[in-house]
Ligand SMILES: [Zn+2]
């Protein structure tokens, strides 16, 4: 079963359990926790460390639009020693 991380929405009013990220083992089908099991305060699910990251992916960093915005020139190798300028 995957482990999810939760943390209190308002860490100031949180108990010592949900003030810091805590892990809950849940089935994928289970509803995400919205309340701390200890103090009943609202909690939010954190993005799993091994799951999808919110950081920009290499793919979007290397997108034509981003390269152009950063002043890079992108060349596509068309084979036979020929390069086509994309941005
Ligand atoms: Zn709590």
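When the residues of region 1-18 are filtered to those that are loosely packed, with under 12 Cβ neighbours inside 10 Å and either within 18 Å of the chain's Cα centre (by Cα) or away from the ligand (no atom under 15 Å from the Cβ) (or both), the one that is modelled with the lowest pLDDT is 1. Determine which single condition residue 61 fails, assuming it passes every other condition in (1) modelled with pLDDT of 90 or more; (2) touching a helix residue (DSSP H, G or I) at 6+ places or on another chain (Cβ under 9 Å). Of the numbered conditions (1) modelled with pLDDT of 90 or more; (2) touching a helix residue (DSSP H, G or I) at 6+ places or on another chain (Cβ under 9 Å), the odd one out for residue 61 is (1).
Taken over region 19-41, the criterion of being surrounded by 15 or more Cβ atoms within 10 Å (Cβ to Cβ) and within 16 Å of the ligand (Cβ to nearest atom) is satisfied by 19, 22, 24, 33, 36, 39, 41. Candidates are the residues of region 20-36 that are touching a strand residue (DSSP E or B) at 6+ places or on another chain (Cβ under 8 Å) and free of Cβ contacts under 8 Å to residues at least 12 places away in the same chain; the one that is farthest from residue 47 (Cα to Cα) is 35. Does any residue of region 22-40 turn out to be modelled with pLDDT under 90 and in contact with a helix residue (DSSP H, G or I) (Cβ under 7 Å, 6 or more places away or on another chain)? Checked against the condition, which is being modelled with pLDDT under 90 and in contact with a helix residue (DSSP H, G or I) (Cβ under 7 Å, 6 or more places away or on another chain), region 22-40 yields no hits at all.
The values are calculated or read from the model by the stated rules, or taken from the named source; none is laboratory data. Bear in mind that the values here come from a model prediction, so they are computed numbers and not experimental data. Using ideal geometry, Cβ is built from the backbone for each residue, glycine included, and neighbour counts are taken over all protein chains shown.
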